[in-house]
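*Asks:* This is the structure I want to talk about, given as structure tokens.
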Amino acid sequence: MEVLFMFGVMLLLIAIGLPIGYAIATSTIVTFIGFSNIPLQIVSQNAFTGIDSFVLLAIPFFILAGILMSAGGVARRLIDIADACIGWITGGLGMSAILTATFFGAISGSGAATTSAVGSLMLPEMKRKKYGDEFSACLIASAGSIGVIIPPSIPFVVYGVTVGISIGDLFLAGIPAGLMMCTVLMFACYVVSKKNGYRGSDTKPSVKHIAITFKEGIWALLAPVIVLGGIYSGIFTPTESAVVAVVYSIIVGCFVYKELDFKKLKESFYLAAVLNGVIVFIIGFSGAMAKYMTLENVPQKVSELILTLTSNPIIILIIINIFLLIVGMLIDNIPAIIILSPIFLPIAQSVGVSPLQFGVLIVLNLAIGYVTPPYGTTLFVAAAVAKISIDRLFRYAIIFSLVLCIPLLLVTYFPWFTDGFVALLK
């Protein structure tokens, strides 16, 4: 009863427009006061201890790296490479956006940053080529969701800290899921483009043009190689890799592409500080909410409830997926991961799902929530960049959300795509 009240208050506050961090904090404090004899200071204590982690330092640095690379010309060169490779086929411009988002996600670790960077460059061009505004914006939003799955991923960092497993292994496990998302979105883009007559580039590029494009964009392509290669070779930790990404992005932006001046540097640092402040606030109070649910034995109660309904592993995983998909429509992925991982991980483990597989499963569910109303993060970003109302995107949002359920089902029922892939590479 207390937990239902807490979630009800939180969703009500979100519905009336209160920022999600304040909604989580307010609902937690009100529940502590109204239903618990536990001292209220435990809220502030857990809010601070929840962010007192060296590993979480990776978050602001990955955010900053993504912003710097976007401002420094990296995103544009990734688009040039993708367009040279596949931009000439039917729907090629949309496919180029998806491929670019996949590459850029391997730098930023953020869905919103990926959507903003790719959308600001691709949406005007797609409009010029007579692609539908709704289709283009929703495609970019869906592609942006790959940014939280393909490594490095900020939600994977949060999940790894929450449940205490290797973030490097989570990054590896996210590769197949991210590539599957890219593949199914490109297929959907082709089908819709074929139906609506969305053409690619006017001419097929020559081998020489492709080679020149790759040469100019080699520094952009090296970014994920250096960041992820350093982690898996043991040269540096995920947190240290985030710092390396920042240094690399400054060097490339300032001295190689020469598009990152002092003004852009200052703006990038300011934006990263603001975004990190929001995320840290959410993480802290999400930890306090999760602590309350632990004290009230909510994980055990939910587990008992689900296991009394059925003992069939397939149905149990369907129930978990449906619940997570609904949650992804309503709240952001970071608080959802912190609050729900301790509840559903034990249930998933009871039916043979490892913490590694569940980590990809929960983040993938919540990534689909990025493109579903009413709280589709990348959907809002794409609509803002495209300068169209959010309600115009709902039709294509449903289509792309259903398409993204294909890799979700594969990750859910075939452990090879997570555990097996990691074991193969290690």
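The values are calculated or read from the model by the stated rules, or taken from the named source; none is laboratory data. Not measured: the values here are computed from a predicted model. With ideal geometry, Cβ positions are generated from the backbone for all residues, glycine too; neighbour counts draw on all protein chains shown. Please note that ligands, DNA and RNA were not included when accessible areas were found on the heavy atoms of the full protein model with its side chains. Shrake-Rupley method; radii C 1.70, N 1.55, O 1.52, S 1.80 Å.
*Asks:* Return the only residue of Ser96, Ser110 being within 21 Å of Ser241 (Cβ to Cβ) and either within 18 Å of the chain's Cα centre (by Cα) or in contact (Cβ under 8 Å) with a residue 12 or more places away in the chain (or both). Give the steps one after another, and end with the answer.
*Replies:* On the way: Ser96 fails: within 21 Å of Ser241 (Cβ to Cβ).
Result of the check over Ser96, Ser110: Ser110.
*Asks:* Oh, and also: Inspect all residues belonging to segment 308-323 and state whether any of them is in a helix (DSSP H, G or I), over 17 Å from Thr162 (Cβ atoms), in contact with a Ser or Thr (Cβ under 7 Å, 6 or more places away or on another chain) and touching a residue at least 60 places away in the same chain (Cβ under 8 Å). If you could, list the steps in order and put the result at the bottom.
*Replies:* We begin by selecting, within segment 308-323, every residue in a helix (DSSP H, G or I); these are 308-309, 313-323.
Within this subset, residues satisfying the condition of being over 17 Å from Thr162 (Cβ atoms) are 308-309, 313-319, 321-323.
Filter once more, keeping what is in contact with a Ser or Thr (Cβ under 7 Å, 6 or more places away or on another chain): 316-317, 321.
Keeping just the survivors that are touching a residue at least 60 places away in the same chain (Cβ under 8 Å) gives 317, 321.
So far as segment 308-323 goes, yes, one or more of its residues are in a helix (DSSP H, G or I), over 17 Å from Thr162 (Cβ atoms), in contact with a Ser or Thr (Cβ under 7 Å, 6 or more places away or on another chain) and touching a residue at least 60 places away in the same chain (Cβ under 8 Å).
*Asks:* Now a separate question. In segment 28-83, what residues are within 19 Å of Met10 (Cβ to Cβ), aliphatic (A, V, I, L, M) and in contact (Cβ under 8 Å) with a residue 40 or more places away in the chain? I'd like the intermediate steps shown before the answer.
*Replies:* Of all residues in segment 28-83, those within 19 Å of Met10 (Cβ to Cβ) come to 28-36, 38, 40, 42-44, 46-47, 50.
From what's left, aliphatic (A, V, I, L, M): 29-30, 33, 38, 40, 42-43, 47.
Selection gives Ile38, Ile42, Val43, Ala47.
*Asks:* Just one of the numbered conditions (1) surrounded by fewer than 17 Cβ atoms within 10 Å (Cβ to Cβ); (2) free of Cβ contacts under 8 Å to residues at least 60 places away in the same chain; (3) more than 25 Å from the chain's Cα centre (by Cα) is not true of Ala15; which one?
*Replies:* With respect to (1) surrounded by fewer than 17 Cβ atoms within 10 Å (Cβ to Cβ); (2) free of Cβ contacts under 8 Å to residues at least 60 places away in the same chain; (3) more than 25 Å from the chain's Cα centre (by Cα), Ala15 is out only on (3).
*Asks:* Leu260: under 30 Å from Phe414 (Cβ atoms), touching a residue at least 60 places away in the same chain (Cβ under 8 Å), open to solvent by less than 70 Å² (accessible area, probe 1.4 Å) and in contact with a helix residue (DSSP H, G or I) (Cβ under 6 Å, 6 or more places away or on another chain), yes or no? It would help to see each step written out before you state the result.
*Replies:* Details: under 30 Å from Phe414 (Cβ atoms): no; touching a residue at least 60 places away in the same chain (Cβ under 8 Å): yes; open to solvent by less than 70 Å² (accessible area, probe 1.4 Å): yes; in contact with a helix residue (DSSP H, G or I) (Cβ under 6 Å, 6 or more places away or on another chain): yes.
Taking the combined requirement at face value, the residue does not satisfy it.
*Asks:* While we're here: Just to check your reading of the model, which residue among Gly234, Gly230 is in a loop (DSSP other than H, G, I, E, B), under 22 Å from Lys426 (Cβ atoms) and open to solvent by less than 80 Å² (accessible area, probe 1.4 Å)? Give the steps one after another, and end with the answer.
*Replies:* Values: Gly230 fails: in a loop (DSSP other than H, G, I, E, B).
Checking each option against the conditions leaves just Gly234.
*Asks:* Would you call Ala245 farther than 30 Å from Lys130 by Cα, modelled with pLDDT under 85 and open to solvent by less than 30 Å² (accessible area, probe 1.4 Å)?
*Replies:* Values: farther than 30 Å from Lys130 by Cα: yes; modelled with pLDDT under 85: no; open to solvent by less than 30 Å² (accessible area, probe 1.4 Å): yes.
No; evaluated as a whole, the condition is false for this residue.
*Asks:* Can you pull out the residues in segment 208-244 that are within 22 Å of Pro155 (Cα to Cα), aromatic (Phe, Trp, Tyr) and touching a residue at least 60 places away in the same chain (Cβ under 8 Å)?
*Replies:* Tyr232
*Asks:* When segment 181-220 is examined, which residues are found to be of a type outside the set (Val, Ile, Thr), open to solvent by less than 30 Å² (accessible area, probe 1.4 Å) and part of a helix (DSSP H, G or I)?
*Replies:* Met181, Cys182, Leu185, Ala188, Cys189, Ser193, Ala220
*Asks:* State the number of residues belonging to segment 297-314 that are surrounded by fewer than 13 Cβ atoms within 10 Å (Cβ to Cβ) and under 27 Å from the mean Cα position of the chain (by Cα).
*Replies:* Qualifying residue count for the region: 1.
*Asks:* Something else about it: Could you please let me know if Gly164 is open to solvent by 10 Å² or more (accessible area, probe 1.4 Å), without any contact (Cβ under 8 Å) to a residue 24 or more places away in the chain and over 15 Å from the mean Cα position of the chain (by Cα)? Spell out the reasoning first.
*Replies:* Values: open to solvent by 10 Å² or more (accessible area, probe 1.4 Å): yes; without any contact (Cβ under 8 Å) to a residue 24 or more places away in the chain: yes; over 15 Å from the mean Cα position of the chain (by Cα): yes.
Answer is yes for this residue.
*Asks:* For segment 61-78, indicate whether the set of residues that are of a type in the set (A, V, I, L, M) and more than 24 Å from the chain's Cα centre (by Cα) is non-empty. Break it down into steps so the answer makes sense when it comes.
*Replies:* Step one: list which residues in segment 61-78 are of a type in the set (A, V, I, L, M), which gives 63-65, 67-69, 71, 74-75, 78.
Imposing the further condition that a residue be more than 24 Å from the chain's Cα centre (by Cα) reduces the set to none.
Checking segment 61-78: not a single residue is of a type in the set (A, V, I, L, M) and more than 24 Å from the chain's Cα centre (by Cα).
*Asks:* Here's another thing I want to ask about it. Can you name the residue in segment 388-400 that is touching a residue at least 40 places away in the same chain (Cβ under 8 Å) and assigned to a helix (DSSP H, G or I) and is also farthest from Cys182 (Cα to Cα) among such residues? Don't jump to the end; show me each part of the working.
*Replies:* If we filter segment 388-400 for residues that are touching a residue at least 40 places away in the same chain (Cβ under 8 Å), which is where we start, we get 388, 392-393, 395-397, 399-400.
Adding the requirement that they be assigned to a helix (DSSP H, G or I) leaves 392-393, 395-397, 399-400.
Details: Arg392: 23, Leu393: 20, Arg395: 20, Tyr396: 17, Ala397: 16, Ile399: 15, Phe400: 12 Å.
Ranking the candidates gives Arg392 first.
*Asks:* Restricting attention to segment 147-187, report how many residues are at pLDDT below 90 and either in contact with a His (Cβ under 8 Å, 6 or more places away or on another chain) or within 18 Å of Ala75 (Cα to Cα) (or both).
*Replies:* 6
*Asks:* Inside segment 127-149, can you point out the residues that are over 20 Å from the mean Cα position of the chain (by Cα) and surrounded by 24 or more Cβ atoms within 10 Å (Cβ to Cβ)? Write out each step before concluding.
*Replies:* Residues of segment 127-149 that are over 20 Å from the mean Cα position of the chain (by Cα), as a first pass: 127-135.
Result: Tyr131, single match.
*Asks:* Which of (1) closer than 20 Å to Lys204 by Cα; (2) aromatic (Phe, Trp, Tyr); (3) at pLDDT below 85 is the odd one out, the single condition Phe104 does not satisfy?
*Replies:* Failed condition: (1).
*Asks:* Separate question: Being closer than 15 Å to Gly73 by Cβ and open to solvent by 40 Å² or more (accessible area, probe 1.4 Å) is true for just one of Phe281, Phe255. Which residue is that?
*Replies:* Values: Phe281 fails: closer than 15 Å to Gly73 by Cβ.
From the options Phe281, Phe255, the qualifying one is Phe255.
*Asks:* Of all residues being β-branched (Val, Ile, Thr) and over 19 Å from Ile331 (Cα atoms) in segment 378-395, which is nearest to the chain's Cα centre (by Cα)? Just the residue, please. Lay out the reasoning, then the answer.
*Replies:* Initial filter on segment 378-395 (β-branched (Val, Ile, Thr)): 378, 381, 385, 388, 390.
Going one step further and asking which of them are over 19 Å from Ile331 (Cα atoms), we end up with 385, 388.
Values: Val385: 18, Ile388: 23 Å.
Once the filter is applied, the top-ranked residue is Val385.
*Asks:* Something else about it: In segment 361-387, which residues are free of Cβ contacts under 8 Å to residues at least 40 places away in the same chain and either touching a strand residue (DSSP E or B) at 6+ places or on another chain (Cβ under 7 Å) or in a helix (DSSP H, G or I) (or both)? Walk me through it before giving the result.
*Replies:* Step one: of segment 361-387, the residues free of Cβ contacts under 8 Å to residues at least 40 places away in the same chain are 380, 384, 387.
Answer for segment 361-387, where residues must be free of Cβ contacts under 8 Å to residues at least 40 places away in the same chain and either touching a strand residue (DSSP E or B) at 6+ places or on another chain (Cβ under 7 Å) or in a helix (DSSP H, G or I) (or both): Phe380, Ala384.
*Asks:* Still on this structure, please answer the following. What tally of residues in segment 23-46 results from selecting those that are exposed (fewer than 15 other Cβ atoms within 10 Å of the Cβ) and part of a helix (DSSP H, G or I)?
*Replies:* Restricting attention to segment 23-46, the residues satisfying the condition of being exposed (fewer than 15 other Cβ atoms within 10 Å of the Cβ) are 33-34, 36-41, 44-45.
The next check asks that each one be part of a helix (DSSP H, G or I); those that pass are 33-34, 41, 44-45.
The number of residues fulfilling the criteria is 5.
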